[in-house]
Amino acid sequence: MGLNNSEKQISILFITLILGLFGCIVATPLFSDGMFLDGVIYAAVANNMALGIGSFWEPHLSNTLFDSFYEHPPLAMGLQALCFKLFGNSIYVERFYSLATFLINTQIIVLIWKELTQDRFLSFLPLLFFILIPDIQWSFSNNLLENTMMIFCSTSFYLLIKHAKTEKKVYVLFAGLLLFLSILSKGFVGLYLWGFPLFFWFFFRRNSFIQATYSTLWLLSATVIPFLVLYFFLPAGWNSFVSYIQEQVVNSLQNVQTVNSRFEIVFIFLNQIIISVALGLVVWFLVKRKIQVNTSPEETKYSYILICLVAGGVLPILISLKQRGFYILTVYPFFSLALALLLKPYFKHLLLRITVKTWSILRIVSFALVGFAFVLSLLQFNSIKRDKPELELIYFINENIPNGATLDLSEEFKENWSLHSYAARHGQYNLIRNTPEKVEFKIENASRISEYPKENIVWTSEKYALIRLRNSNSD
């Protein structure tokens, strides 16, 4: 169904409004210097890969920390490495990469919406619910691997919808291949999409259970067979993946605990969706008390399927006591779509009754938000908003010590992972405690500079001091 001029204007206006709002929210954390530890590590590994330090199947962080980086599969970092190869090693490469993944994900959400509703009207609605999720704002500001993984999972769902409508096997096969790529980006947390064919059968009953089972098997096969290709034809790839399983998956299940309750991930999810649900309930209440709104049975069924997929993405995390909110990031496009489908008629009724004066105000607000987001982003360039002591130290080292050097490290900083990561990201420096190598410099606690001759103190701040060692055994 096409859009009339009024509906098209509403859609464009609100998409502009939402993108402007999102830009204002993420401008400071995204474009200022300093980033969440994991995002710095991924950027450092990707930059090393672009420089030929390490390889796609054997990524490298530093000589003293993750010489072979098997903590995660390499695809998302490999894609980012291509960007470093093309655009250099500026910190804004990983930031614009994150922004690009956000824009791609929003476009996929719009495509899915069009496929589920047969029009683009209110396509801004799932986008609104999507950007109101705090972890979505945070993830796209911090270069997480899930940003790339989300593209593969959401596109896989889009192709599964196409398959369900047309029964063409090419769609389900490519959907399975995309799930394989999602595994190569951040592991197994996107495999809940394997349940789509059976969920579709359960709610729509357009085909038989046997046909749904066959579709599931095709989907599983298209996901698994590429791993057989790795096993038989790319031993380096297979060894890399097995190392990831052993070091990250098995070790996490057996030895790592970050929460006290297995149900913590459920509370995290519910906490993330509060704002979106609250907004939806307000609109539902405002419209429901005035008129009876008719809902589309087909769209309601799609929303049930999406809710089942969300549950499939969240509940399996209960298996492990190692839980973090970003493990379930890929479910939020589906949650946003489900909520938008359920509330679509209520929002449509409300929006079509907005006055001309209100539309004029919204136009001004939307362009003001976009402009403010742009200016705010420019103001963040060359400013440090996070980990300032570490970055100031590393930037001084970068200006005065050749890239790739090894530096001695004070005992109290040996587990300062941010320092290790920034050192690897901004010059491939290797930090080690009591290194047997003859190193020239040491990173020391600033409170201990009195223990060194003044002429050996190269640089100091409130937290750190850079000391020139007389010999490799200096302490």
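Nothing in this text is a laboratory measurement; each read-out follows from the coordinates by a stated rule. Just so it is clear, the model here is predicted, and its values are computed rather than measured. No Cβ is skipped: glycine too gets one built from the backbone with ideal geometry, and neighbour counts run over all protein chains shown.
Tabulated data
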quantity: Relative contact order computed over region 388-468 (Cα-Cα under 8 Å; 6+ residues apart), in percent; calculated: 30 percent
quantity: For Y70, net neighbour charge (Lys/Arg +1, Asp/Glu -1) across residues whose Cβ lies under 14 Å away; calculated: -3
quantity: Between 0 and 90°, nearest 10: helix 37-50 axis offset from the chain longest Cα axis; calculated: 80 degrees
quantity: Built amide H within the under 5 Å cut-off of N430, gap 5+; calculated: A405, T406, L407
quantity: Percent of beta bridges antiparallel (DSSP, region 388-468, rounded to nearest 5); calculated: 60 percent
quantity: Prolate/oblate/rounded call for region 388-468, Cα gyration tensor, a/c under 1.5 rounded; calculated: rounded
quantity: Ranked list, fewest to most other Cβ atoms within 10 Å of each Cβ, for Y429, Y171, Y231; calculated: Y231, Y171, Y429
quantity: Neighbourhood charge, 15 Å Cβ-Cβ cut-off, centred on R386 and excluding it, Lys, Arg +1 and Asp, Glu -1; calculated: -1
quantity: Region 24-102: relative contact order as a whole-number percent, Cα under 8 Å and 6+ apart; calculated: 28 percent
quantity: Local net charge near N271, Cβ-Cβ under 13 Å (Lys/Arg +1, Asp/Glu -1); calculated: -2
quantity: Listed peptides 123-136, 199-212, 243-256 by packing density, highest first (mean Cβ within 10 Å); calculated: 123-136, 199-212, 243-256
quantity: Distance violations [Cα-Cα > 25 Å] among K8/K357; K322/K388; K186/K385; K114/K168; calculated: K322/K388; K186/K385
quantity: Amide hydrogen neighbours beyond the local backbone of W459, cut-off 5 Å, H modeled; calculated: L466
quantity: Dipole-positive endmost among G20, N430, F233 within the chain (Cβ charges, Cα centre); calculated: G20
quantity: Fraction of beta bridges assigned by DSSP in the chain that are antiparallel (%, nearest 5); calculated: 55 percent
quantity: Peptides ranked, highest mean first, by Cβ atoms within 10 Å: ranges 456-467, 271-282, 146-157; calculated: 146-157, 456-467, 271-282
quantity: Whole-angstrom gap from region 209-265 to region 398-426, using each part's C-alpha centre; calculated: 34 Å
quantity: Average Cα contact separation per residue, region 33-353, under 8 Å, 6 or more apart, as relative contact order %; calculated: 21 percent
